[in-house]
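Let me begin by presenting the structure, written as structure tokens, before commenting on it.
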Amino acid sequence: MNPMFHVAEALHSKGISITFILTNFNSPNTSDYPADYKFHFIDDGIKDMVFTDPVARLAARNSNVQQPFRECLGSVLGDEGGKESIACLITDPLWRCTRVVCKEFDLPRIMVHTSTVADLVILSSDDA
């Protein structure tokens, strides 16, 4: 998550407002960030599930979070005055579900790969 926060910091320093949509898993302490950052938290639905396969865990998260993400993004778009007020969604490519939702909202999506080399192995094993 740290690289994404660095991207946010760079954009924020240019006067761009920042809104995060994060899962409850490993959530940051919001008080560590500028007061005008907006944070929304959604459930990834896997709290009580046990996975030994990282690809299965990622697939479950993507599947479980798509609807909560859709609802949260819709709410953010409504609160902010529609998609005209939001330039784009910046996401890690591991969150494949964001592609479908952004397409539904006709919202541009930029992928920033902030993960480890191990995640590249996971991505390469996925048909998406």
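The values are calculated or read from the model by the stated rules, or taken from the named source; none is laboratory data. Source: prediction; values computed, not measured. Glycine gets a Cβ as well: all are built from the backbone with ideal geometry, and neighbour counts include every protein chain shown. To get the accessible areas, we keep the full protein, side chains included, count just its heavy atoms, and leave off ligands, DNA and RNA. Shrake-Rupley method; radii C 1.70, N 1.55, O 1.52, S 1.80 Å.
For this structure, a couple of remarks:
- Over the chain: helical MRE at 222 nm, DSSP H runs n ≥ 4 each giving -39500 (n - 2.57), nearest 500: -13500 deg cm²/dmol
- For the range 1-94, the share of accessible area belonging to carbon and sulfur comes to 53 percent (1.4 Å probe, ligands and nucleic acids excluded).
- Angle in degrees between helix 54-79 and the longest Cα principal axis of the chain, rounded to the nearest 10: 20
- Relative to the longest principal axis of the Cα atoms of the chain, the long axis of helix 2-12 makes an angle of roughly 20 degrees.
- About its Cα centre, the dipole of the chain is roughly 160 debye, where the only charges are +1 on Lys and Arg Cβ and -1 on Asp and Glu Cβ.
- Sorted on the mean count of surrounding Cβ atoms within 10 Å across their residues, most packed first, peptides 69-75, 20-26 read 69-75, 20-26.
- Per residue, the range 1-107 exposes 60 Å² of solvent-accessible protein surface, assessed with a 1.4 angstrom probe and all protein chains in place.
- Solvent-accessible surface ranking, highest first, for H113, H12 at 1.4 angstrom: H113, H12
- Cβ-based charge dipole, the range 1-100, positive-most Cα from A87, N24, P34: A87
- Hydrodynamic radius (Kirkwood) for the chain, which is based on Cα pairs only, to one decimal in Å: 15.6
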